[in-house]
Amino acid sequence: MTDATPAPQQADDILALAAQWRAAGEQVAVATVTETWGSSPRRAGSQLAVTVSGKMAGSVSGGCIEGAVADAAMKTIQTGVPQLLDFGITNERAWEVGLACGGKLKVFVEKLA
Amino acid sequence: MTPDLLAALTAARAAKRPVVVATRLPSGEQMLLPSPDAGPELAAAAARALDRDESDTVKLADGAWFLHVFNPPQRLVVVGAVHIAQALVPMAAQLGLNVIVVDPRGSFATAERFPNVTIMTDWPDEAMDALVPDARTAVVTLTHDPKLDDPALDRALRSRAFYIGALGSRKTHAARLKRLRELGHGEEALARIRGPVGLDLEAVTAPEIALSILAEFVAVRRNAPLATKTAAKAAA
């Protein structure tokens, strides 16, 4: 058996990518979908990684709330305090950022220390 | 996430150990499971999440926990380092599969034709014995050569592989089933083989055939109604 290196990078392995960024000295936050209701496009466990320098990878929705999550991530990077965000059609903030799918979801945002 | 937890998680994933990151909500306190420090209720919930392969938030007696499942990637064993395999392998990697290409014909199974995947040039039965297909393994045979396909299918049928596909026309497949019957496989076992493999897209080119195979694989992986429809096609 010949084991070729490097192993193929999984297209959806956001955490591994975030860890690489962190190891390279970036300030990184990771957002993870923890719970969904209705027609949320990304299931629990889906991740979005962002850096202070402006890198972004992955997704927690179909693109509707990534902007708001990235803003929250910047705050978590500054304070070190994790946040549990709630997005849904009854949520004013979601209207603001436009959760067009009509789904509801919770997103946990944490800093990679 | 603390550097210690991230390091432990990265090590577990590199070693292909199934683990769960449990996060207490909303405080964010975290723990890697399985762990001797976990309470029995949390340990049991994590084991269930791994088994279902689904991350989710659970409400336990001590509050809400998000259980993030990190199972090792599913494996795809491709028997036959042929032209269709060259299209199939990179697409399968995109789907998060750990791909192993098996072909004893050294001129087919080259790193040049298949960069960045594990290549085995053993005979398919020996390769399958070494790989020990489990319930997170899929097997697809592409050689059209009974000498190579049959031993691989024989071993796949003796395993818990969750997806078994064989390339070839209906006529070829009927002949294949006859040979496998002679090896002692019953009808229930034979019905596990998806043949002709893939969703019926009228695929013509190698990438189209690869796409039809992976489309069927996704239907099976996600338990879609299409998955049962395609299983019935073999019997029809």
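Details
- Translational D in µm²/s for the stretch B:1-134 (Stokes-Einstein at 10 °C, 1.306 mPa s, Kirkwood Rh from C-alpha pairs): 93
- Net dipole in debye of the protein assembly as shown [+1 Lys, Arg Cβ; -1 Asp, Glu Cβ; about Cα centre; nearest 20]: 580
- Each Cα pair under 8 Å and six or more residues apart adds its separation to the average, and for chain B the resulting relative contact order is 13 percent.
- Cβ neighbours within 10 Å from other chains - mean over B:90-97: 3
- Of A:K104/B:K16; A:K104/B:K59; B:K16/B:K59; A:K75/B:K59; A:K75/A:K104; A:K55/A:K104, pairs whose Cα-Cα distance is over 30 Å: A:K104/B:K16
- Charge dipole (the protein assembly as shown, unit charges on Cβ, about Cα centre) - positive-most of A:Q20, B:N116, B:A174: B:A174
- Annotation: amide H of B:V99 within the under-5 Å range of B:L76, B:T118, sequence separation 5 or more or interchain, hydrogens built in the peptide plane.
- The length gained on full extension between B:D62 and B:L226, counted as 0.36 nm times the residue separation minus their Cα-Cα distance, comes to 55.0 nm.
- Relative contact order of the stretch B:97-236, pairs being alpha-carbon contacts under 8 Å that are 6 or more residues apart, as %: 16
- Percent of C-alpha pairs per 10 Å bin in chain B, short distances first: 7, 29, 29, 19, 12, 3, 0.
- Cα extents of the stretch A:14-111 along the three principal axes, largest first (Å): 39, 23, 19
- Three principal axis extents describe the C-alpha atoms of the protein assembly as shown; from largest down they are 66, 42, 39 Å.
- Secondary structure note: in the protein assembly as shown, about 65% of the DSSP beta bridges are antiparallel.
- Inverse of mean 1/r across different Cα pairs in the stretch B:10-70, Kirkwood, Å: 11.5
- The charge dipole of the stretch B:75-235, taken about its Cα centre with unit charges on the Cβ atoms of Lys, Arg (+1), Asp and Glu (-1) only, comes to about 440 debye.
- Straight-distance crosslink candidates among aspartates and glutamates, where the alpha carbon sits under 14 Å from B:K147 and sequence neighbours closer than 8 are dropped: B:D103, B:D122, B:D125, B:E126
- Ranking B:F70, B:S107, B:A210 by how far each Cα lies toward the positive end of the dipole of chain B (charges on Cβ) leaves B:A210 at the top.
- Value of Rg/Rh across the stretch B:113-202 [Cα atoms, Kirkwood radius]: 0.95
- Only helices reaching 15 angstrom along their own axis (Cα) with mean Kyte-Doolittle hydropathy no lower than -0.5 count here, and for the DSSP H runs of chain B these are B:3-14, B:40-52, B:83-94, B:206-221, B:225-235.
- B:R48/B:A111 FRET efficiency (R0 30 Å; Cβ-Cβ; nearest 0.05): 0.15
- Of B:E208, B:E112, A:E26, the residue with the largest accessible area leads and the full order is B:E112, B:E208, A:E26 (1.4 Å probe).
The values are calculated or read from the model by the stated rules, or taken from the named source; none is laboratory data. Everything numeric in this text was worked out from a predicted model, so none of it was measured. Cβ coordinates were reconstructed from backbone atoms using ideal geometry, including for glycine residues, and neighbour counts include every protein chain displayed. Please note that ligands, DNA and RNA were not included when accessible areas were found on the heavy atoms of the full protein model with its side chains. Shrake-Rupley method; radii C 1.70, N 1.55, O 1.52, S 1.80 Å.
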